[in-house]
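The structure appears right after this line, and notes come after that.
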Amino acid sequence: MVLIAQITDTHLLDHPDAEMRGVKTDASFQAVLAAVQRFKPDCLILTGDLAHHGEAIAYERLRDLVEATQIPSYWLPGNHDDPEAMAGILQGDYLSPDKNISLGNWQLLLLDSFLENPEYGEGFLDTAQLAWLAENLEQSSHSPVAIAIHHHVVPAGVDWLDQIDVTNRAEFWQIVQHHPQVKTVFFGHVHLEYSVTQGGISCFGTPSTCTQVTPPDQELREGDRQLWEQPGFRLFELQDDGRFQTKVQRIPWFA
């Protein structure tokens, strides 16, 4: 069994005390990271929007905090990120830019859905990314596969959010549907916990380490903090035979 943790949408800013929508994103990230460490995962996956404005100084702080955990860690960019700055900064003894990762019997593929100058924050998988995905799935035909990406590839049920997903997700699914070894797809971007099964593949959205999106079946009541508003992260237990279990862990940041 392999245990992986997903942290997403940290939105770190230029100063550690800076706030986004009333939340000090550095402090909330550090609270989530401390909780992750208690589970002693085999690796950590950071699924984008790591710096709110792509600030180099924010990536440097994130690198130092992640390196201090001594957990093998991997990352991919989101629409708020600067991929070039990330590539130059987010590496070290434990933090790696690798995108094809062997985890026991599993292969984990990290896809780049970053789109230069998006209109609203949407994502896109270019020809090179789609070809890379197809090639690596062919090479891993005998291993269970998990795919990580920043933008969601299945609807979240929130109108405005579903307008800024992977805009060519149909091309993604055209490739994936021919590879039954793909067991799960997980992503960030949505600041929301949800799950959808498409083509027999379980897909998971994960809460941010800072602010959250109101679920489609909830109402935000002033002064009434609810579980879905709390920062969180996702754990995956990957079994050797291709089965897996996953659960979101929440941090009572607002308690």
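The values are calculated or read from the model by the stated rules, or taken from the named source; none is laboratory data. Just so we're clear, the structure is a prediction, and the values are computed from it rather than from any experiment. Neighbour counts are summed over all protein chains in view; Cβ atoms, including those assigned to glycine, are modelled from backbone coordinates with ideal geometry. Ligands, DNA and RNA are excluded from the accessible area calculation, which covers all protein heavy atoms including side chains. Shrake-Rupley method; radii C 1.70, N 1.55, O 1.52, S 1.80 Å.
Flag: residue 59 does not match the condition of being within 26 Å of residue 236 (Cα to Cα), touching a residue at least 12 places away in the same chain (Cβ under 8 Å) and either of a type in the set (S, T, N, Q) or in a strand (DSSP E or B) (or both). Reported count of residues in segment 1-44, each being among the β-branched types (Val, Ile, Thr), out of contact with any Ser or Thr (no Cβ under 7 Å at 6 or more places or on another chain) and surrounded by fewer than 24 Cβ atoms within 10 Å (Cβ to Cβ), is 2.
Where strands (runs of 3 or more DSSP E) fall entirely within segment 143-221, those with at least 2 residues that are open to solvent by less than 10 Å² (accessible area, probe 1.4 Å) and in contact with a strand residue (DSSP E or B) (Cβ under 8 Å, 6 or more places away or on another chain) are at 145-149, 182-187, 201-205. Looking across segment 227-249 at every residue that is assigned to a loop (DSSP other than H, G, I, E, B) and under 17 Å from the mean Cα position of the chain (by Cα), the one that is farthest from residue 35 (Cα to Cα) is identified as 230. Among the residues of segment 45-63, none is identified as among the hydroxyl-bearing types (Ser, Thr, Tyr) and open to solvent by 10 Å² or more (accessible area, probe 1.4 Å).
Taken together, the criteria place residue 98 among residues that are open to solvent by 60 Å² or more (accessible area, probe 1.4 Å) and in contact with a strand residue (DSSP E or B) (Cβ under 8 Å, 6 or more places away or on another chain). Against the definition (out of contact with any Cys (no Cβ under 8 Å at 6 or more places or on another chain), open to solvent by less than 60 Å² (accessible area, probe 1.4 Å), closer than 27 Å to residue 236 by Cα and hydrophobic (A, V, I, L, M, F, W, C)), how does residue 125 come out, yes or no? So residue 125 fits the description; yes.
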